[in-house]
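Student: Take this structure first; my questions come after.
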Amino acid sequence: MYTKAVIGKRKLQMMFLTILMFIGLLAWGVPAAAQTKNIICNEYGKNYSIIFNSEYKKSTTEVVIKNATSGKMKLDITVKTVRTKTYPSDKLEQFSWNDFMVSGKMSGYIVMEPGEEQTIEFLFRSDYAGESSIRVTTSKATVSENGGKTFKSAKKIAVNSEEKGVIRSGDSGGIYQYARYFSFTTKERRQQTISLAGEKGKKVHVSIYRKDDTGMKSPLLTLTSDNAEKRGSVWLNPGTYVIAVGFRKSPGMYASYRFRLGGRNYIPATGVSLTCNTNKLTIDSGITRNPKTFTFTAATIPANSDDKLSNILVGGNIRSDMYEIKGAVKGKNKATFTITYKGYRYTAGNNTIKVKTSNGLQSKGFSVFAKAGTPSVYKYYVYPNQIEFYGVRGSGASGTHGVNVYLKSGNKWIKQKLQSNDSVIVKKLKPNTRYEFKLTEAAKRSDGKWIEGKPLYRSIQTQKNTKPDVKSIKVSNVKEDYSWKWMSYSSTSGKWYKSYYTRYRVTVTLKKKLPANHKMEIDGHLVAGKGNQYTINLSIGGRKKGKSTTLTVQTYSEKGNIYSYGNILKKKIQLK
């Protein structure tokens with residue numbers, strides 16, 4: 001139910017509308033019977049005009065425009081309205097005027113086919129006093145609406161062709177509401193070019209789509225031109241493509257355009273060349289102090305291929321932080337780059353340098369070989385019948401095969417067996433005889449071959465087959481003792497047991513004094529000695545007082561990292 005206030009408001013609204021309608025009828029009056037005026041365009045280059053005087057007031061007049069020639073005709077039309085409305089046919093929509101109160105002037109053009117007719121209806125107010133008019137100027141049309149009207153009915157054209165035409169402005173449907181469509185097919189991958197020239201003051205759009213993109217969601221290329229020619233290009237794979245030409249400004253307005261298709265087929269790369277500024281691509285550990293640089297030049301084959309260089313490939317086992325690449329090849333037909341080897345962590349081995357193209361081709365490889373270094377030995381233990389290489393180490397470079405130790409026999413080098421990770425013992429040697437040794441480490445070349453680095457040569461003489469010439473061995477200060485620290489508890493007896501040991505002093509006297517660089521080793525302990533006498537305090541586990549034990553005595557000398565030992569003399573001694 002409406003309230004009285006609402007009902008009263010509705011009555012006032014109805015009264016207001018009735019008054020407005022009455023005022024409009026007074027101004028318009030009762031329209032006279034409709035009449036028709038014809039503009040028969042039967043010549044090019046002629047002006048046709050109709051001027052509506054005041055006698056047309058309160059009337060409706062339909063103007064029929066006809067192309068009465070046998071050819072396409074361009075009509076430049078100007079419509080002037082004063083207290084007049086116009087209702088044109090669809091093709092003349094740009095000349096529509098719906099405001100009695102405001103005067104208007106509209107200019108534009110259309111292209112008409114032979115025999116084609118279009119109409120404009122003029123509706124004059126009751127107080128119309130003249131001045132409305134229409135003027136048509138004809139000329140021979142050089143272009144017309146061209147191309148298919150839908151995406152699927154696109155006009156087929158060549159990949160190298162030219163098309164021109166006029167196109168109607170889109171309205172609420174957007175730029176491509178009245179688009180014209182063209183399609184072309186390429187059998188090869190192709191760089192397709194397109195140039196577009198529109199009409200001054202009217203922006204024409206052109207886009208290229210894949211044939212299956214019927215919704216026109218993903219244009220491959222779009223150009224816009226309102227006068228000056230615009231150019232663009234896009235790479236296309238073999239297939240069919242659709243060109244859409246669109247325009248949007250005032251509803252019904254037309255714009256002329258011209259586009260040209262061109263381009264060329266794709267030029268594939270058939271290979272890639274790679275050269276270097278030197279054929280001596282070898283480095284050693286000296287690069288840690290003096291870096292070494294190699295210069296490479298890569299180029300596609302042919303030089304103008306559309307496939308470009310893509311990236312530099314570096315294979316092998318040399319650490320990546322040991323070299324630095326400067327220069328880029330991506331996207332180029334020819335490029336120069338350098339590889340500098342440096343760094344404090346030297347890696348022996350190899351790198352293979354190649355360059356790849358965007359279509360997957362690779363150049364021949366250049367191999368950089370990082371030579372193995374020279375091994376080292378921490379200590380040499382020399383005996384009458386054997387020599388031990390202790391702490392055998394490589395040069396410190398990763399990527400090596402390990403160290404090999406060789407003994408020279410005649411003109412041959414005989415490889416020795418590695419006893420442990422860093423020790424080699426060469427046995428069955430003759431006493432007091434000089435032997436030649438060679439130590440090498442190897443690095444792997446890119447062809448898989450192991451190449452030895454600079455060897456370490458050592459000439460070592462075995463010790464004489466003699467034992468210490470002992471005059472006497474004296475034992476003194478024999479004492480038994482125990483240590484609280486080493487006491488043990490027996491859970492069986494429930495008692496603590498003392499851990500005893502026996503201490504004693506030994507003095508070894510030789511018949512003659514040892515050479516200046518020699519020392520004595522007693523029970524594995526080095527004793528400097530004084531003159532021909534060597535004294536040392538020893539201990540043995542358990543309560544050994546009054547019992548016997550075996551004492552070992554051996555001469556020892558040291559020169560650099562060579563430690564020489566004579567034969568061991570074993571003597572029974574009494575701890576008393």
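The values are calculated or read from the model by the stated rules, or taken from the named source; none is laboratory data. Please read these numbers as outputs of a predicted model, since none were measured by experiment. Virtual Cβ from ideal backbone geometry, glycine too; neighbours counted across all protein chains shown. Surface accessibility is based on the protein's heavy atoms, side chains included, excluding ligands, DNA and RNA. Shrake-Rupley method; radii C 1.70, N 1.55, O 1.52, S 1.80 Å.
Student: Select from region 106-127 the residues that are in contact (Cβ under 8 Å) with a residue 60 or more places away in the chain, part of a strand (DSSP E or B) and among the small types (G, A, S) and list them in ascending order.
Tutor: G108
Student: Consider S310 against the criteria (1) within 19 Å of G343 (Cβ to Cβ); (2) touching a residue at least 40 places away in the same chain (Cβ under 8 Å); (3) not basic (K, R): it satisfies all of them except one. Which criterion is unmet?
Tutor: Among (1) within 19 Å of G343 (Cβ to Cβ); (2) touching a residue at least 40 places away in the same chain (Cβ under 8 Å); (3) not basic (K, R), the lone unmet condition for S310 is (1).
Student: Checking the structure you have, find out if any residue of region 212-220 is aliphatic (A, V, I, L, M) and either in a strand (DSSP E or B) or buried (at least 19 other Cβ atoms within 10 Å of the Cβ) (or both).
Tutor: So far as region 212-220 goes, no, none of its residues is aliphatic (A, V, I, L, M) and either in a strand (DSSP E or B) or buried (at least 19 other Cβ atoms within 10 Å of the Cβ) (or both).
Student: Next question. Could you run through region 183-198 and say how many residues are within 19 Å of N227 (Cα to Cα) and not β-branched (V, I, T)?
Tutor: Summing the residues that are within 19 Å of N227 (Cα to Cα) and not β-branched (V, I, T) in region 183-198 gives 4.
Student: Under the condition of being among the polar types (S, T, N, Q) and within 21 Å of L236 (Cβ to Cβ), which residue from region 162-202 is farthest from the chain's Cα centre (by Cα)?
Tutor: S183
Student: Okay, next question. Could you tell me which numbered condition K85 fails, if it satisfies all but one of (1) surrounded by fewer than 17 Cβ atoms within 10 Å (Cβ to Cβ); (2) of a type outside the set (V, I, T); (3) farther than 29 Å from T142 by Cα?
Tutor: Just one mismatch for K85, condition (1).
Student: Hey, can you tell me all the residues within region 306-327 that are in a loop (DSSP other than H, G, I, E, B), of a type outside the set (D, E, K, R) and at pLDDT 95 or above?
Tutor: Listed by number, the list holds a single entry, G327.
Student: Every residue in region 195-211 that is without any contact (Cβ under 8 Å) to a residue 60 or more places away in the chain and either of a type in the set (A, V, I, L, M) or not in a strand (DSSP E or B) (or both), please.
Tutor: G198, K200, G201, K203, V204, V206, I208, K211, listed by residue number.
Student: Here's a follow-up. I need the full set of residues from region 39-57 which are under 18 Å from S139 (Cα atoms) and either surrounded by 11 or more Cβ atoms within 10 Å (Cβ to Cβ) or in contact with a helix residue (DSSP H, G or I) (Cβ under 6 Å, 6 or more places away or on another chain) (or both), in order please.
Tutor: Listed by number, the residues that qualify are I39, I40, C41, N42, E43, Y44, K46, Y48, S49.
Student: Ok, one more. State all residues of region 397-421 that are over 30 Å from S273 (Cα atoms), in contact with a Lys or Arg (Cβ under 9 Å, 6 or more places away or on another chain) and modelled with pLDDT under 90; if no residue qualifies, say none.
Tutor: Of everything in region 397-421, those that are over 30 Å from S273 (Cα atoms), in contact with a Lys or Arg (Cβ under 9 Å, 6 or more places away or on another chain) and modelled with pLDDT under 90 turn out to be A397, S398, T400, H401, V403, N404.
Student: If you don't mind, another one. For the list (1) modelled with pLDDT of 90 or more; (2) buried (at least 17 other Cβ atoms within 10 Å of the Cβ); (3) under 30 Å from V368 (Cβ atoms), I need the number of the one condition that F437 fails.
Tutor: (3)
Student: Further question on the same structure: Looking at A255, A269, which is the one that is hydrophobic (A, V, I, L, M, F, W, C), farther than 22 Å from T340 by Cβ, within 32 Å of the chain's Cα centre (by Cα) and open to solvent by less than 30 Å² (accessible area, probe 1.4 Å)?
Tutor: The conditions single out A269.
Student: Here is a further query. With the requirement that a residue be modelled with pLDDT under 95, open to solvent by less than 60 Å² (accessible area, probe 1.4 Å) and at positive phi, what does region 130-160 give you?
Tutor: G130
Student: Okay, moving on. Yes or no: I414 loosely packed, with under 15 Cβ neighbours inside 10 Å, touching a strand residue (DSSP E or B) at 6+ places or on another chain (Cβ under 8 Å) and part of a strand (DSSP E or B)?
Tutor: Yes; evaluated as a whole, the condition is true for this residue.
Student: Look at region 374-393 and say how many of its residues are in a strand (DSSP E or B), aromatic (F, W, Y) and surrounded by 19 or more Cβ atoms within 10 Å (Cβ to Cβ).
Tutor: Summing the residues that are in a strand (DSSP E or B), aromatic (F, W, Y) and surrounded by 19 or more Cβ atoms within 10 Å (Cβ to Cβ) in region 374-393 gives 2.
Student: Output the number of residues of region 163-210 satisfying the condition of being of a type in the set (S, T, Y) and either open to solvent by 50 Å² or more (accessible area, probe 1.4 Å) or under 17 Å from K152 (Cα atoms) (or both).
Tutor: 8
Student: Could you please give the count of residues in region 89-129 that are open to solvent by less than 50 Å² (accessible area, probe 1.4 Å), under 24 Å from G170 (Cβ atoms) and more than 60 Å from the chain's Cα centre (by Cα)?
Tutor: Adding up the residues that qualify gives 5.
Student: Quick check on region 524-564: of everything there that is open to solvent by less than 30 Å² (accessible area, probe 1.4 Å) and of a type in the set (F, W, Y), which residue is nearest to G391 (Cα to Cα)?
Tutor: This residue is Y556.
Let's see how each residue does on (1) under 19 Å from K471 (Cβ atoms); (2) among the aromatic types (F, W, Y); (3) outside any strand (DSSP E or B):
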| site | (1), (2), (3) |
| --- | --- |
| T502 | no, no, no |
| K513 | yes, no, yes |
| M520 | yes, no, no |
| N537 | no, no, no |
| Y563 | no, yes, no |
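Student: Could you look through region 440-465, keep only residues that are out of contact with any strand residue (DSSP E or B) (no Cβ under 7 Å at 6 or more places or on another chain) and open to solvent by 80 Å² or more (accessible area, probe 1.4 Å), and pick out the one that is farthest from R319 (Cα to Cα)?
Tutor: Only one residue tops the list, namely N465.
Student: Could you tell me whether region 128-140 includes any residue that is among the hydrophobic types (A, V, I, L, M, F, W, C), assigned to a loop (DSSP other than H, G, I, E, B) and closer than 22 Å to R258 by Cβ?
Tutor: no
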